[in-house]
Amino acid sequence: MDLKDKLISSFMAFESNVDIEHPVHDVRTEAMKNFEMKGFPSKKEEAWKYTSLKNLQKVDFSIFPKEENALEYKQVKKYFLHEVDTYKIVFIDGIYSSYLSETTHDGVDICLMSSALTKPMYKPVVDVYFNKVASKDESLTTLNTAFSREGAYIYIPKNKMPKKPVEIIHFATGNEASLMLQPRNLIIAEENSELQVIERHQSLTSNEVLTNSVTEIFAADSAIVDYYKIQNDSENASLIDNTYIDQKGKSNVSVHTFSFGGKLIRNNLNFYQNGEHIESTMKGVTILGNKQHVDHHTLVHHIEPNCESHQDYKGIYGENATGVFNGKIIVDKIAQKTNAFQQNNNILVSDKATINTKPQLEIFADDVKCSHGCTIGQLDEDALFYLQSRGIPQKEARALLMYAFANNVLESVRIPEVKARINKLIAKKLGVSLGFDL
Amino acid sequence: MAYTEEELKKELETKEYEYGFYTDIESDTLPVGLNEEIIIAISKKKEEPDWMTAWRLEAFKHWKEMEEPDWANVHYKKPDFQAISYYSAPNKKPKYNSLDEVDPELLETFKKLGISVDEQKKLAGVAVDIVMDSVSVATTFKKTLAEKGIIFCSISEAIKEHPELVKKYIGTVVPQRDNFYAALNSAVFSDGSFCYIPKGVRCPMELSTYFRINQAGTGQFERTLVIADEGSYVSYLEGCTAPSRDENQLHAAVVELIALDDAEIKYSTVQNWFPGDKEGKGGVFNFVTKRGLCEKNAKISWTQVETGSAVTWKYPSCVLKGDNSIGEFYSIAVTNNFQQADTGTKMVHLGKNTRSTIISKGISAGKSQNSYRGLVQVNSRAENARNFSQCDSLLMGNECGAHTFPYIEAKNKSAQIEHEATTSKIGEDQIFYCNQRGIDTEKAIALIVNGFSKEVLNKLPMEFAVEAQKLLEISLEGSVG
């Protein structure tokens, strides 16, 4: 039985475990219909030209984990941002772990999607926001919508800011030979509020894991949302991340994506600017080796005038790694005075690594400043020689140059502990100790 | 008997009928529709050898299995391929008896471009005197070329006279099954040009279809094959700056360039087919496949100025097969009113130390849509490949669109690829500056547009460049709002 059939039949089993009278369930059934019709995307589709899901579909994933698994904090401490105090929403094999988590209802709601979807007190919010910005058409997003039950739910009311950043972590314990997870997150930042989120998916064994995640973020007028995605998973973990962001006037949302590991990572990052004077930032550092594959798909839709968007993606690809970048900027006819910038720089360090990039502009307004740049190149031999002539060994010299290459992206990280963590990960990934705290 | 605007409009509106209900069957026009018999008939009429007929039939076989592509960023009503007559004799009756009958708007344009009266007549389809200067000019040119061993003739002539060359090279760069329109062209191509430059010869003049006046009217399925043998050089011009009111709605041409070791081909195009009227009615569909193959140290340079056609779908490409080969693409695409253009290039780097440059300038005005679509591909064995791409778009008015779809695929670590794109409009301060110095807005725009396109215009052969510059001005006339 292929994965699609399995998912379709699992949906019936899923229905027996959720409240099918709840209005959310109509959304689910509708979404399931769409997935049944479309199935998994194939390479024939333009958006999936460079990323194949064929092999993943052959794996016999368990859709629902059979038993709960507990983890000790000691075992997984290193995956947390332990240098700083945070709220934590932790899932183990897709199931919420209250033991490892720290949620709050003190002025802000940082809790669970499962309670938001079932408890009447959240209903007014869920009715307004749930599945409102996520695509009702894209097959994998609708697949997630169909199975949406658990994930993080964050609601920040007007003029509020949580005391500390929020960490969302998904652990896969390898209890099952192969596991498919479908977390669903809903994040709402009301007018003039502020929020910082760090998201991480971590597999603890070499068993196969496939995560198909959907996150909806709503930033109301003047809200500020900072979102950091750390993707440093094991060799057999695949991630399809679909993030949809709806921004209102004067809001500022930035998403940083750090992709250092995983078998296959696909990031679909979609920004919709529904207001004026909005700022959207998308940045990413990708450092890959082995046979890893990362595909960054970004979309910024400038719907209203006077908005800005910035994109900056850097990639370093070694061994047999493949990188894809597809950035799309759409500027509507009325979105005059838009400033949209897109930059994608890549370094290939191995002969077998591949990079495919497609920075794309679709512009219908005339009074705009839009530019995109894209480069593929190597480390500067002269710079390397300079460093070596000053006694820095080749390996370290190369690492230093690569670090410098990725540095612009790190500059805009606003949580110092996250920055330090990323620096360590980069140093580790490049296989050197840089001898100074970057 | 003045030809008024009203009448022209009427003619345009009723134009489509010409194809479906073409009753005046001359002996040299085949019935509408496309099937094997028609292809055999075309081949027979052209007195082609059997291998050519078989080649056409094979292409037709592939075409039948293919679907019309719809990935391009253009929207139009798909042509009905069974409602077209695929062969009509080139010598048609003149449309008009004297220049007075021709649309005065067209004549005005000719005047602006500075085209001689004889040429004007020729282009507008007016009957011309039998003895014409250019015919003798063409003959003189032919003599000079023959002395150097250069073959420059129509492709049907080449099939008869030089079958070994045609057989060896036709379809090697653009195979029959390459794409829908290339397959269609391979099956039914009516005529086209053939050019062969022998080893080590530098062609002394710009070769142009323009000079082959007595062989003009090659029809809607043109096929061009240019072969530059080792160490040779040729500069080839296609098209003409004058607006040609061609009655064919669908144009599916194929151009194949082959540059053998150390050879260089420079191919320049100016395309100014009927773009449809101001309401977007009528106009030519231009679906062209152009591709060049570079062997060792060879160079192919494409330069194009696209101002005409209602729908353009065109990607002149270079396959950089040999080591140290070079591919270049310089393009200006102007769209106004309801025109749509999806154009760009493909640079496929296969050999070592291959280099490519892409400079594309898109100007959209009115309600037009202008897209750049390009591919830069570096294969794993293409060491030290180098590419530089720049696509700039200029938007005039807020009802047009400019789009960029660059695909960049690198499989070699030593590749160096740069891509830059910008979209902007003509600054109010720039126009103000010109106005202040006594230059009216329309002229100021022309000035700025010319500056914007300079990098590409510079690559055109001299006389062509001057005409193209004027053409840009004319195409954008009335677009200032």
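Odds and ends about this structure:
- Filter pass, A:Val331 being facing chain B (nearest Cβ under 9 Å) and farther than 20 Å from B:Gly401 by Cα: no
- Total residues in region A:36-56, condition touching a Lys or Arg at 6+ places or on another chain (Cβ under 7 Å) and open to solvent by 70 Å² or more (accessible area, probe 1.4 Å): 2
- In region A:337-363, residue farthest from the chain's Cα centre (by Cα) [restricted to those that are β-branched (Val, Ile, Thr) and farther than 17 Å from A:Val300 by Cα]: A:Val349
- When region B:415-453 is filtered for residues that are open to solvent by 20 Å² or more (accessible area, probe 1.4 Å) and touching a strand residue (DSSP E or B) at 6+ places or on another chain (Cβ under 9 Å), the ones remaining, listed by number, are B:Gln416, B:Glu418, B:Glu420, B:Thr422, B:Ser424, B:Lys425, B:Ile448, B:Phe452.
- Residue in region A:364-387 that is within 11 Å of chain B (Cβ to nearest Cβ), within 28 Å of the chain's Cα centre (by Cα) and open to solvent by 60 Å² or more (accessible area, probe 1.4 Å) present: yes
- Residue match in region A:412-435 (condition: in contact with a Ser or Thr (Cβ under 8 Å, 6 or more places away or on another chain), modelled with pLDDT of 85 or more and open to solvent by less than 50 Å² (accessible area, probe 1.4 Å)): yes
- Filtering B:Glu455, B:Glu418 for residues that are over 22 Å from B:Asn398 (Cα atoms) and touching a residue at least 60 places away in the same chain (Cβ under 8 Å) leaves a single hit, B:Glu455.
- Check on B:Ser331, in a strand (DSSP E or B), away from chain A (no Cβ under 13 Å) and either within 30 Å of B:Ile258 (Cβ to Cβ) or touching a Leu at 6+ places or on another chain (Cβ under 6 Å) (or both): yes
- For A:Phe325, the criteria (1) buried (at least 17 other Cβ atoms within 10 Å of the Cβ); (2) more than 7 Å from chain B (Cβ to nearest Cβ); (3) out of contact with any Pro (no Cβ under 8 Å at 6 or more places or on another chain) hold in every case but one, which is (3).
- Failed condition for B:Val348, given (1) modelled with pLDDT of 90 or more; (2) assigned to a loop (DSSP other than H, G, I, E, B): (2)
- Some residue of region A:57-69 being in contact (Cβ under 8 Å) with a residue 60 or more places away in the chain, in the same structural domain as A:Val166 (by TED's automatic domain parsing), among the basic types (Lys, Arg) and open to solvent by less than 50 Å² (accessible area, probe 1.4 Å): no
- Every residue from region A:82-105 that is within 25 Å of A:Glu190 (Cβ to Cβ) and in contact (Cβ under 8 Å) with a residue 12 or more places away in the chain: A:Val84, A:Asp85, A:Thr86, A:Tyr87, A:Lys88, A:Ile89, A:Tyr96, A:Ser101, A:Glu102, A:Thr103, A:Thr104
- Any hit, region B:158-165, residues being farther than 27 Å from B:Phe464 by Cβ, modelled with pLDDT under 85 and surrounded by fewer than 19 Cβ atoms within 10 Å (Cβ to Cβ): no
- Candidates are the residues of region A:38-61 that are farther than 14 Å from A:Leu3 by Cα and part of a helix (DSSP H, G or I); the one that is nearest to the other protein chains (Cβ to nearest Cβ) is A:Glu46.
- Of all the residues in region A:243-255, those that are surrounded by 24 or more Cβ atoms within 10 Å (Cβ to Cβ) and either under 9 Å from the mean Cα position of the chain (by Cα) or assigned to a strand (DSSP E or B) (or both) number 5.
- Count of residues meeting criterion [open to solvent by less than 20 Å² (accessible area, probe 1.4 Å), closer than 30 Å to A:Lys248 by Cβ and either in the same structural domain as A:Phe260 (by TED's automatic domain parsing) or not β-branched (Val, Ile, Thr) (or both)] in region A:328-349: 4
- A:Asp106 under 23 Å from A:Ile422 (Cβ atoms) and open to solvent by 50 Å² or more (accessible area, probe 1.4 Å): no
- Within region A:62-73, tally of residues that are over 18 Å from A:Glu150 (Cα atoms) and either modelled with pLDDT under 80 or in a loop (DSSP other than H, G, I, E, B) (or both): 2
- Checking each residue in region A:270-286 for being open to solvent by less than 10 Å² (accessible area, probe 1.4 Å) and part of a strand (DSSP E or B) picks out A:Phe271, A:Gln273, A:Ser280, A:Met282, A:Gly284, A:Val285, A:Thr286.
- Annotation note: of A:Lys88, A:Lys123, A:Lys136, the sole residue that is in a loop (DSSP other than H, G, I, E, B), at pLDDT 85 or above and in the same structural domain as A:Gly39 (by TED's automatic domain parsing) is A:Lys136.
- Unique match (being in a strand (DSSP E or B), among the charged types (D, E, K, R) and either within 11 Å of another protein chain (Cβ to nearest Cβ) or open to solvent by 10 Å² or more (accessible area, probe 1.4 Å) (or both)) among A:Lys358, A:Lys352: A:Lys358
- Test for A:Val76: is it surrounded by 15 or more Cβ atoms within 10 Å (Cβ to Cβ), part of a helix (DSSP H, G or I) and of a type in the set (A, V, I, L, M): yes
- Residue match in region B:356-366 (condition: touching a residue at least 12 places away in the same chain (Cβ under 8 Å), part of a strand (DSSP E or B) and within 11 Å of another protein chain (Cβ to nearest Cβ)): yes
- All of (1) closer than 24 Å to B:Asn384 by Cα; (2) within 11 Å of another protein chain (Cβ to nearest Cβ) hold for A:Lys314 with one exception: (2).
- Filtered by the rule that a residue be within 7 Å of chain B (Cβ to nearest Cβ) and assigned to a loop (DSSP other than H, G, I, E, B), region A:337-349 gives a lone residue, A:Val349.
- Failed item, numbered, when B:Val311 is tested on (1) touching a residue at least 40 places away in the same chain (Cβ under 8 Å); (2) more than 18 Å from B:Val174 (Cβ to Cβ); (3) out of contact with any Asp or Glu (no Cβ under 9 Å at 6 or more places or on another chain): (3)
The values are calculated or read from the model by the stated rules, or taken from the named source; none is laboratory data. Computed from a prediction, not measured in an experiment: that's the story for all the values here. Positions of Cβ are backbone-derived with ideal geometry, glycine not excepted, and every protein chain shown enters the neighbour counts. The accessibility values were calculated without ligands, DNA or RNA, using every heavy atom of the protein model including side chains. Shrake-Rupley method; radii C 1.70, N 1.55, O 1.52, S 1.80 Å.
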